[in-house]
Structures are given as C-alpha cells and as structure tokens.
Ligand code: CA
Ligand code: CA
C-alpha cells in the first residue's frame, strides 16, 4: 500500500504547494503523521513556555488526486488510525481558554493502550481523531495551526475512524495533507492540547466531481456535520448552519423558514475547538432528515 512517510511534512497549507505523490480516485493509502509538536516533547522534563502556532501541527503530504479540479470535492474515508503507545499533553502559559491562569508549564506523558489512555489515576476511552486535515487553500498560505475553509486545524473529534470528510478542492489535485492526531480529546480542547500522538492513518480518497462545497463536511454513521471556522463562535455557527439549511432547501425541497425551524429542533451546534487562531464549530444534522444523496 502507498505510504506517505513522515519525512514529507508541511507547516502550512499553501495554494502553490507541490504534491509528493499523485493517486487515482479510489486509492487507499497511509499517511504517517508526526505529533503536533513535531516529536520534540518526549518527557515530562520538556516544558514549553509558549506555543508558536506557526511551528506546530506538521501535516504529512500533500497528495494530489488525479483529475481533481477547483469546484470538485475530495472525499476522504477514514479507515484506520494506529497511534503510538504514548502521547503528550501540555499546560502552557497563554495556551487555551484559561491560559492566563497557567503560571508555570506542565508536560505530561500519557500512556496509550489498545482501548484506553491513562491520565493520572484515570483510564479514559481511546478515541483517536485527526486534528489537522485539509487541502490547498484558495490563495496564499495558511499555517497548519489555523483552521479555515480548506480544513486545517479543525480539532473536531468526529474526524475519526468510521467517519468520512469532504474537503473543497481549490487547486488542481486538491492536495491533501493531515496530521495532529489526538488519542483522546473533548469538545472545546480547552487547554489547547489533546493526547498529542503520532499515528499511521489509513484513508481511501475519492474525487467527487462538481461537488462545490465552500468548506468541510464530516459524515458519521448517523449525522451530517457542516464544519466552519471563524473569529467568533457566532460567526462560525452561522456559516455551519447555512450549509445545513442549503442542503435541506436544495435536496429536500424545504423553504428556508421550514429548514431554519427544523434546524432549531434537530441540528446541534457543537463546539469543536475554542483554542486555535480561529474557532471551529460543527452543525450536526441527523441523517434521518437528509435522505437525498449529497452529490450525484
Ligand atoms: Ca490541533
Ligand atoms: Ca493537537
């Protein structure tokens, strides 16, 4: 199977980046992801007094999908995530929503088992997720620490095995890269880190012609989640909700007002993360309410 090694990492998603490989639609491949700190933190003695968002979250790739053109989407099925046997967590002054309360940095090495992770005396379910996944942006360059319409550092815990993610194609080939796996993380990622680990991520990628989404869409076994990142939670929520309503209007024939009211009943606005340079939410609609295919 094609393996994209951890020697191929980017620190920014650039419109002009060059692929390290080109694959046909339908290919299964492995991305070897390094942890969000580039493997620099290896013991509890390694502490950081600040986190530089331009130097974190290396993503492995990018990989082009043959024939993908602006206006298409890439569909990435997440088949497997095999993590390292330990991860790290950090409390760093200034990082996270209460970073101003952190006086001195703390680093923890967190053992990762087959089914659980161990934090202090607690054993928590292991739920590996991909923090950073995206395509080349419309223009310029977006550091891997920042989420945006191309994806990037969305830190959304539903981006996990069994889910699929649609990503917009803004540049030929789409140029897919990913990294920043967390073995566990809660909505919000309040301290700014999950259980940061390296991992081998197995995905199957598809080109979806002329499925012109504005920003990422996660599909779980039970829900369709529009993901949006913006300067405020309100703005991100508006963008995510608009995507869900657009689907209900276009695919199910609802009026805007009916779709808006239905969403008020069945669409959960969930916080993905509160700690990155832009904030990320997802609007989650149970699949029951969107039965028409999303694309041809
Ligand atoms: Ca992250
Ligand atoms: Ca992370």
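Which number do you get for Rg(Cα) / (2.2 N^0.38 Å) in region 169-285?
1.17
log₁₀ I(q)/I(0) of region 220-287 at q = 0.13, 0.22 Å⁻¹, via Debye over equal Cα point scatterers, no solvent, to two decimals?
-0.34, -0.86
What distance in nm separates the two pseudo spin-label positions at residue 40 and residue 288, each 7 Å out from Cα along the beta-carbon direction?
Result: 4.8 nm between the two label points.
If you bin every alpha carbon distance in the chain into 5 Å steps from zero, what whole percent lands in each bin?
1, 6, 12, 17, 19, 17, 13, 8, 4, 2, 0, 0
Under the Kirkwood approximation applied to all pairs of distinct alpha-carbon atoms, what is the hydrodynamic radius of region 1-109 in Å?
Working: mean 1/r = 0.0607 Å⁻¹.
Value: 16.5 Å, from the Cα pair sum.
Rounded to the nearest 500 deg cm²/dmol, what is the calculated helix-only ellipticity per residue at 222 nm for the chain, with -39500 (n - 2.57) per DSSP H run of length n ≥ 4?
Values: 2 runs with 31 residues, N = 296.
So the calculated ellipticity at 222 nm is -3500 deg cm²/dmol.
May I ask you to compute the full-extension gain from residue 122 to residue 77, defined as 0.36 nm times their residue separation minus their alpha-carbon distance, rounded to one decimal in nm?
On the way: separation 45, 0.36 × 45 = 16.20 nm, distance 3.15 nm.
Contour length minus the Cα-Cα distance gives 13.0 nm.
We did not get these values from a lab; they are worked out from the coordinates using the rules stated. Quick caveat: nothing in here was measured; it's all calculated off a predicted structure. Counting neighbours? That spans all protein chains shown, and the Cβs are built from the backbone with ideal geometry, glycine included.
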